Amino acid sequence: MIWLKAFHIVFVVTWFAGLFYLPRLLVYHAEATETVVRERLKVMERRLLAMTRIDQKVLASSVYRFGRTSLAQDTEMLFYGDGKTATVALYRSPGELESRAIATNGKVDAAARIRLDQPPTLDEYTMVLAGALPLAVHPSPRDVAVIGFGSGLTANTLLGSDRVERVDVIEIEPFRQPAFRKLAIGISDDPTPCQKITGYHSSGECNLYRPPGWFLR
């Protein structure tokens, strides 16, 4: 086991060294005037790029949960971006039961079917219940807060009740917004946000600091 840890440390250090050396090779390439030197730098750049290649399907594979080192090769990456607090990915899983999933730092936060005539994913049951159970318990929920937008299904469930007048959606990572737009376009014919929804990009505790009982009305 100690040898595996040592190999991991050496690999990571080498990988980062190659990652930082690649821009220097590009500068040498731009400044070189001799054809032989330029061709040699091309070979070095190709080899270094192959070693330090950042595969989005690998980074979004959830290897720590499922043991897979990469998403399927036919997976279509619809959105991938590095925000201030997290890396957000949206990808489409092909197959007979086609679905789209939003992942944060490789962990899938929400997955949903594209076609309404197909059975829902397990995530969809969870997201619907997260909105339906509070509606069943609270006698008159007028102002509701949802921490984490996910696929938007929880907020959509809450808005299905005529008792709800306002839904505050608090999302810490702004980069999730463009990913959600692509997800919503694939599922809903009308991706226009409801006027009852107000979005915030901050940590949850900041927006929950309201007068006592604000979200219990």
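The values are calculated or read from the model by the stated rules, or taken from the named source; none is laboratory data. These figures come from a predicted structure and were not determined experimentally. In this analysis, Cβ positions are derived from the backbone assuming ideal geometry, glycine residues included, and neighbour counts consider all displayed protein chains.
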Some residue of segment 37-58 being among the hydrophobic types (A, V, I, L, M, F, W, C), part of a loop (DSSP other than H, G, I, E, B), surrounded by 13 or more Cβ atoms within 10 Å (Cβ to Cβ) and modelled with pLDDT of 80 or more: no
Among (1) farther than 30 Å from residue 27 by Cβ; (2) outside the structural domain of residue 174 (by TED's automatic domain parsing) - the single one residue 137 does not satisfy: (2)
Per-region count, segment 161-176, residues among the hydrophobic types (A, V, I, L, M, F, W, C) and part of a loop (DSSP other than H, G, I, E, B): 3
Top-ranked residue of segment 63-100 - restricted to ones that are in a loop (DSSP other than H, G, I, E, B) and either among the hydrophobic types (A, V, I, L, M, F, W, C) or not assigned by TED's automatic domain parsing to the domain that holds residue 122 (or both), ranked as farthest from residue 174 (Cα to Cα): 97
Any chance residue 142 is basic (Lys, Arg) and touching a residue at least 40 places away in the same chain (Cβ under 8 Å): yes
Total residues in segment 38-65, condition in contact (Cβ under 8 Å) with a residue 24 or more places away in the chain, of a type in the set (A, V, I, L, M, F, W, C) and more than 13 Å from residue 22 (Cβ to Cβ): 3
Pairs, first outside any helix (DSSP H, G or I) in segment 8-33, second among the aliphatic types (A, V, I, L, M), C-beta under 7 Å, six or more apart: 32/41
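Conditions tested, residue by residue: (1) at pLDDT below 60; (2) of a type outside the set (D, E, K, R); (3) more than 16 Å from the chain's Cα centre (by Cα); (4) more than 30 Å from residue 92 (Cα to Cα).
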residue	(1), (2), (3), (4)
161	no, yes, yes, yes
173	no, no, no, no
179	no, yes, no, no
209	yes, yes, yes, yes
Residues of segment 137-147 satisfying the condition of being assigned to a loop (DSSP other than H, G, I, E, B) and surrounded by 17 or more Cβ atoms within 10 Å (Cβ to Cβ): 141
Identity of the residue in segment 102-136, under 19 Å from residue 68 (Cα atoms) and polar (S, T, N, Q), that ends up surrounded by the most Cβ atoms within 10 Å (Cβ to Cβ): 104
Members of segment 119-177 that are closer than 22 Å to residue 78 by Cα and among the aromatic types (Phe, Trp, Tyr): 149, 175
Segment 68-89 residues that are on the phi < 0 side of the Ramachandran plot and exposed (fewer than 11 other Cβ atoms within 10 Å of the Cβ), paired with ones that are part of a loop (DSSP other than H, G, I, E, B) and not polar (S, T, N, Q) (beta carbon under 6 Å, 6 or more apart): 74/94
Number of the exception - residue 91 against (1) within 30 Å of residue 117 (Cα to Cα); (2) modelled with pLDDT of 85 or more; (3) over 14 Å from the mean Cα position of the chain (by Cα): (3)
